[in-house]
Amino acid sequence: MDTKVYIDAIEKELSACCDEFFYAESSVTSAVRYSLLNAGKRIRAVLLFMTAEMCGKDWRKYLRLASAVEMIHCYSLIHDDLPCMDNDDMRRGKPSCHKAFGEATALLAGDALIGIGLETIANDKNISDNARIAAMKAITRAMGPMGMIYGQELDLEYEEKPADKEILNRIHRHKTGRMISLCGTLGCLDSHLTEQQKDALTLFFDNIGLVFQIVDDILDVEGDEAQLGKPVGSDAENNKSTFVTLYGLEQSKKIANDMTEQANNAIVNAFGEKSDSLIQYTAYLLNRRK
C-alpha cells in the first residue's frame, strides 16, 4: 500500500485552496499556511479517498471534500493548542501556531479555516447538489456541539477530575472519533450501498476513531519524542485520564487490536476484496509510531 499519491494530491489541493480563498498579504494567511500545509499524516484525507475507491468512485473527485476535512481538523488543532484549552507549545515538531504568530492571530486562523472549509464544500462541483447538502450537514454535525466541540468540552471538564470508562469513551468518540467517522460518511456520498454495507462502514469508522485515540495514549507512554514531534509523558504529568491509566498498557493494546479486527471483519464481509486498501491502512494506524 502506497499512500504517497493521495498525500501529494491533498497537499497540492490544500495549497490551491489557500491561493483561492485567502489574501496573499495577511498574517492570518501566513498562520494558516504554517499550520495547514506540508504537515501531518493526512490520515482523514486518506481514509476518505480509500472509502470512495472502495465504493467504486474516482477518489480524485473527492479532493475538495478531503480538503475541507483537513482544514476543519487543522482549525481544531490550532484552537486546542491555545493556552485556554490544552496549552501545548509544540505541534508536529515545531512551535504551535499561537507560539509562532501570537494568540490573536492563531484564533483568527482557526476561525478562518472553519469558514473556508465550509465554503470549499459549498463550491464543490465534483459532487451532486444533494451530495453537497449531505456533506455540509455531516461536517457541521461532526465538528459541532454534538460532535468534536462536545468532546473538547468534556475533555476540559475532566482535566481536574478522573474520568471513568464511560466518560472516556464519550470524550474520544466525540473529540477524535466524530471527524474520523466523517471520512466514511463523505467517502460514500453518491454511492448506492446495501444496508449491510452502511452498517459495516459505521462500525468500521466508529471503531477506528477510538483505536486512533487509544494508540495516541499508548504513544504518550512509550513513543519516541523525536518521531512524535511533541513531548511524551505529558498525560501522566497532568494526571489526565487515558485508556492507559484506566486499562493499563497491555490491555489497551489488546483493546485496540480487538477493535481493529472487528472493524476489518465488518468491511471485508460487506465489501470483499474492495476493502483491501482500508484493511492495510488500519494495520498502519494500529502500529504507527507517530
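Using the membrane-span-like helix rule (whole DSSP H runs, Cα extent along the own axis of at least 24 Å, mean Kyte-Doolittle hydropathy at least -1.0), which helices of the chain qualify? The partial results should precede the final answer.
Working: long enough: 4-21 (25 Å, 0.06); 63-80 (25 Å, 0.66); 103-122 (29 Å, 1.23); 195-222 (40 Å, 0.29); 249-271 (33 Å, -0.52).
Result, helices passing both filters: 4-21, 63-80, 103-122, 195-222, 249-271.
So if we plug the beta-carbon distance of residue 23 and residue 160 into 1/(1 + (r/R0)^6) with R0 = 41 Å, what FRET efficiency do we get, rounded to 0.05?
After rounding to 0.05, the efficiency reads 0.50.
For the chain, what is the calculated [θ] at 222 nm in deg cm²/dmol (nearest 500), taking -39500 (n - 2.57) for each run of four or more DSSP H residues and dividing by its residue count?
Working: 16 runs with 206 residues, N = 290.
Mean residue ellipticity, 222 nm, calculated: -22500 deg cm²/dmol.
When a footprinting reagent is the concern and you count Cβ atoms within 10 Å, what order do 168, 203, 37 take, fewest first?
The fewest-first ordering by Cβ neighbours comes to 37, 203, 168.
Go ahead and run the numbers for FRET between residue 284 and residue 250, Cβ-Cβ distance against an R0 of 22 Å, rounding to 0.05. Before the final figure, lay out the partial values.
Working: r = 21 Å, r/R0 = 0.97.
Using R0 = 22 Å, I get an efficiency of 0.55.
Compute the length gained on full extension between residue 8 and residue 122: take 0.36 nm times their separation in residues and subtract their Cα-Cα distance, giving the result in nm to one decimal.
Length difference between fully extended and current span is 38.7 nm.
Taking the Cα centre of the chain as origin and charging only Cβ (+1 Lys, Arg; -1 Asp, Glu), how large is the dipole, in debye to the nearest 20?
So the dipole magnitude of the chain works out to roughly 620 debye.
Given Cα pairs under 8 Å that are at least 6 residues apart, what percent is the relative contact order of the chain? All intermediate terms of the calculation are to be shown ahead of the outcome.
Details: 378 pairs, mean separation 54.7, N = 290.
It rounds to 19 percent for the chain.
In the P(r) worked out for the chain, what percent of Cα pairs fall beyond 28 Å?
Summing the P(r) of the chain above 28 Å gives 35 percent of all pairs.
So what is the relative contact order of region 94-191, in percent, for Cα pairs below 8 Å that sit 6 or more residues apart?
Normalised by residue count, the contact order of region 94-191 is 27 percent.
Which whole-angstrom value gives the distance between the alpha carbon centres of region 177-197 and region 28-74?
Taking the Cα centre of each part, region 177-197 and region 28-74 sit 15 Å apart.
Could you point to the residue in 176, 145, 113 farthest towards the positive end of the chain's charge dipole, with +1 and -1 charges on the Cβ of Lys/Arg and Asp/Glu respectively?
Toward the positive end, the furthest listed residue is 113.
Picking from 209, 110, 144, which is most flexible by a Gaussian network model of the chain using Cα springs under 10 Å?
The residue with the greatest mean-square fluctuation here is 144.
For a quick check: sort 75, 62 by the number of other beta carbons within 10 angstrom, fewest at the front. Numbers along the way, then the final one.
Values: 75 24, 62 27.
By the 10 Å Cβ count, ascending, the order reads 75, 62.
Using a 7 Å offset from the Cα along the Cα-to-Cβ direction at both residue 41 and residue 273, what is the distance between the two label points in nm, to one decimal?
Modelled inter-label distance: 2.8 nm.
How much length is gained if the chain between residue 60 and residue 16 is pulled fully straight, taking 0.36 nm per residue apart and subtracting their Cα-Cα distance, in nm to one decimal?
Extra length available between residue 60 and residue 16 comes to 14.4 nm.
How far, in nm, would the chain grow between residue 85 and residue 192 when pulled straight, counting 0.36 nm per residue and subtracting the alpha carbon separation?
Gain in length upon complete extension: 34.4 nm.
Estimate the FRET efficiency between residue 199 and residue 141 by the formula 1/(1 + (r/R0)^6), using the beta-carbon distance for r and 22 Å for R0, to the nearest 0.05.
0.70
In region 73-182, which GluC sites (Glu not before Pro) fall in coil by DSSP and have 10 or fewer other Cβ atoms within 10 Å?
Listed in order of number, the matching sites are 160.
None of the figures in this text is laboratory data; all of them are computed from the coordinates on show. All of these numbers come straight from a predicted model, not from anything done at the bench. Every residue, glycine among them, receives a Cβ derived from its backbone with ideal geometry; neighbour counts consider all protein chains shown.
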